[in-house]
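Readers should treat all values here as calculations from the given coordinates under stated rules, not as data from a laboratory. The structure displayed is predicted, hence computed values, not measured ones. Neighbour counts run over all protein chains shown; Cβ positions are idealised from the backbone, glycine included.
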Amino acid sequence: MPINEWSDSILIAELSDEPSFSEDMDALTRRVQDKGDQSPDVVLNMVGVTHLNSSNLASILKLRKILIAANRRLRICSLNDHVWSIMLITGLDQLFDFTEDISTSLASLQLDL
């Protein structure tokens, strides 16, 4: 998973389908946890994700919990219709902040200080 350190306070993670998704989310979660209170805000770019399973959803929720504890923010962008429908069906559309693309995610993080 390419992780782009867009700035000192924002990471952009480019996700793809399994089996990479689980490995990439584990690595990202460890990286954010290791930073503790210095954790960055995170943008999950899901343009390469075509399907999510319950384990994938759990890993995103775990990352969200860690970021909230560090008073940081999470944006999820570039979902295809199938992945978006999974978010709707599970009610996670009410829990996460979604944007259309990376640029919009970055703008929302910078404007929402």
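With angles folded into 0 to 90 degrees, how steeply does helix 54-69 sit against the dominant principal axis of the chain? Use alpha carbons for both and round to 10.
It works out to around 20 degrees.
What are the residues whose amide H is under 5 Å from the amide H of residue 99, where those residues sit 5 or more places off or on another chain and H is modelled from the backbone?
76, 77, 78
Which angle from 0 to 90°, rounded to the nearest 10, does the C-alpha axis of helix 81-90 make with the longest principal axis of the chain?
Taking the Cα atoms of the chain, the angle to 81-90 is about 80 degrees.
Find the Rg to Rh ratio for the chain, where Rh is the Kirkwood radius over alpha-carbon pairs and Rg uses the same atoms. Display every interim value, and only then the final one.
Details: Rg = 12.8 Å, Rh = 13.9 Å.
With Rg and the Kirkwood Rh in hand, the quotient comes to 0.92.
Based solely on its DSSP helices, what 222 nm [θ] is calculated for the chain when runs of n ≥ 4 H residues each add -39,500 (n - 2.57) and the sum is averaged over all residues, nearest 500 deg cm²/dmol? Please list the in-between numbers first.
Details: 4 runs with 52 residues, N = 113.
Taking each H run of at least 4 residues, the total per residue is -14500 deg cm²/dmol.
Express in nm, to one decimal, how much length is gained between residue 81 and residue 34 on full extension, taking 0.36 nm for each residue of separation and deducting their alpha carbon distance. Could the numbers behind the result be given before it?
On the way: separation 47, 0.36 × 47 = 16.92 nm, distance 3.35 nm.
Stretched out fully, the residue 81 to residue 34 stretch lengthens by 13.6 nm.
What does the charge count around residue 70 come to, taking other residues whose C-beta lies under 9 Å from its C-beta (Lys +1, Arg +1, Asp -1, Glu -1)? Each step should come with its number before you reach the end.
On the way: positive: 35, 72; negative: 37.
Here the count lands on +1.
Any idea how far the Cα center of segment 6-32 sits from the one of segment 57-94, in Å?
13 Å
Considering Cα pairs under 8 angstrom that are at least six residues apart, work out the relative contact order of the chain and quote it in whole percent.
Numbers: 161 pairs, mean separation 27.4, N = 113.
Relative contact order here is 24 percent.
Which three semi-axes in whole Å describe the equivalent ellipsoid of segment 1-42, each the square root of 5 times a Cα gyration tensor eigenvalue, listed largest first? Display every interim value, and only then the final one.
Details: eigenvalues 72, 29, 6 Å².
Ellipsoid semi-axes (Å, largest first): 19, 12, 5.
Under a plain spin-label model, where a point goes 7 Å from the Cα along Cα-to-Cβ, how far apart in nm are residue 94 and residue 26?
The modelled label-to-label distance comes out at 3.3 nm.
Around residue 24, under 13 Å between beta carbons, what's the net of Lys plus Arg minus Asp minus Glu among the other residues?
-3
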